[in-house]
1. So how many residues does segment A:56-113 have that are among the charged types (D, E, K, R) and buried (at least 22 other Cβ atoms within 10 Å of the Cβ)?
2. Are there strands (runs of 3 or more DSSP E) fully within segment A:38-148 with at least 3 residues that are hydrophobic (A, V, I, L, M, F, W, C) and under 28 Å from A:Ile215 (Cβ atoms)? List them.
3. For A:Glu198, work out the one condition from (1) at pLDDT 95 or above; (2) within 16 Å of DNA strand C (Cβ to nearest atom) it doesn't fulfil.
4. Can you report the number of residues in segment A:178-206 which are within 21 Å of A:Leu79 (Cβ to Cβ) and touching a residue at least 40 places away in the same chain (Cβ under 8 Å)?
5. With the requirement that a residue be surrounded by 18 or more Cβ atoms within 10 Å (Cβ to Cβ) and closer than 18 Å to A:Arg205 by Cα, what does segment A:116-150 give you?
6. Under 8 Å between Cβ atoms, which residue pairs at least 6 apart in sequence (or on different chains) link something in segment A:25-50 that is without any contact (Cβ under 8 Å) to a residue 12 or more places away in the chain with a partner that is surrounded by 14 or more Cβ atoms within 10 Å (Cβ to Cβ) and part of a strand (DSSP E or B)?
7. Out of the residues in segment A:78-112 that are among the hydroxyl-bearing types (Ser, Thr, Tyr) and over 17 Å from A:Leu60 (Cα atoms), which is modelled with the lowest pLDDT?
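The values are calculated or read from the model by the stated rules, or taken from the named source; none is laboratory data. Source: prediction; values computed, not measured. Note that each Cβ is placed from the backbone with ideal geometry, even for glycine, and that neighbours are counted across all protein chains shown.
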Amino acid sequence: MPELPEVETIARGLRASLPGRRILNVRLGKTDFIEDPAAIERDVPGMRLSAIRRHGKFLLLDLQSPAGSTGNSSLLIHLGMTGRLVVCDPNAPVPPHTHVFFTLDDGRELRYTDVRRFGRMRILKTDVLQDRLGSLGLDPLEISETDFISLLKARHAQIKALLLDQHVLRGIGNIYADESLWRARIHPRRLGASLKPEELRRLYRAVRDVLHEAIEARGSSIADYVDSEGNLGGFQRRHRVYQREGKKCFRCGAPIRRAIVAGRSSHFCPRCQRAPRSRPTNR
DNA sequence: CTTACGGCCTGGGTGC
DNA sequence: TGCACCCAGGCCGTAA
């Protein structure tokens, strides 16, 4: 499941080989996950890739028109759960569920594969890009501790929901929310406003450490994730709670539990991460 | 504005 | 062997 570390790994991989390349041709398979497929077929061929960026879980491929004829634009890609963006030889076998092919001017091909098609793709003019991405929260790797704390302590939602909310912080998904809360020893059902300053500082630290370590390990490969060269990540081997239900807590040995919190499957240690006394299921 | 929740996208895996 | 169904995670719409 591509979250911040996986998208960052892909972005770095693409950044190493795509900028400067021209896209010669576009081929589309199924297009129901593309906002305006005709626009991509019409506007992308001939464009030069100028930069690769990550914004939360979004990947941005900046496109420069050759003669400056039309304005610049960006290809906005969200990988959803199972999206893969891989650069390869055009003669390499085409995996099932591959729906977008970009032919590059160096003889390679950029392919988008997505079993579930929960991903999204669209092309946007540079000037409207800001409107589209501006509503997202700060990047958890860029936010200061002070801002992080003031952001969360004013909120009465469950901390798990807040970490998953892309308008609060951008880039954290279910895996890294659970791993961060375990490290910080905070129960996912705690409310943001109930967290003590020390707990908020621990959480800030935990989120950043987990994300940095996951990037270093090139992401978590649970089911479908691979980087831009098709290689698996390694951070799944360092997960402490995610998908470890019933296994022993690495810290205290108690069996890891799984429960639905904020509508999501959540993994935590019932001993290290103390549940709040009254649950907020009032009505 | 904030929060909670249900539904939707799709197909692999599971269990009968 | 076949089939129904559960479920993954992000996101959006709705309601209070």
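1. Counting residues in segment A:56-113 that are among the charged types (D, E, K, R) and buried (at least 22 other Cβ atoms within 10 Å of the Cβ) gives 2.
2. A:48-55, A:58-64, A:73-78, A:83-88, A:98-104, A:120-125
3. (2)
4. Counting residues in segment A:178-206 that are within 21 Å of A:Leu79 (Cβ to Cβ) and touching a residue at least 40 places away in the same chain (Cβ under 8 Å) gives 2.
5. A:Pro140, A:Ile143, A:Phe148, A:Ile149 - these are the residues of segment A:116-150 that are surrounded by 18 or more Cβ atoms within 10 Å (Cβ to Cβ) and closer than 18 Å to A:Arg205 by Cα.
6. Short answer, once both residue conditions are applied: A:Pro37/A:Leu28.
7. A:Thr82
Results for (1) at pLDDT below 90; (2) more than 24 Å from A:Lys196 (Cα to Cα), shown as yes or no for each residue.
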position	(1), (2)
A:Tyr225	yes, yes
A:Asn231	yes, yes
A:Gln236	yes, yes
A:Tyr242	yes, yes
A:Gly246	yes, yes
A:Pro255	no, yes
A:Ser265	yes, yes
A:Phe268	no, no
A:Arg271	no, no
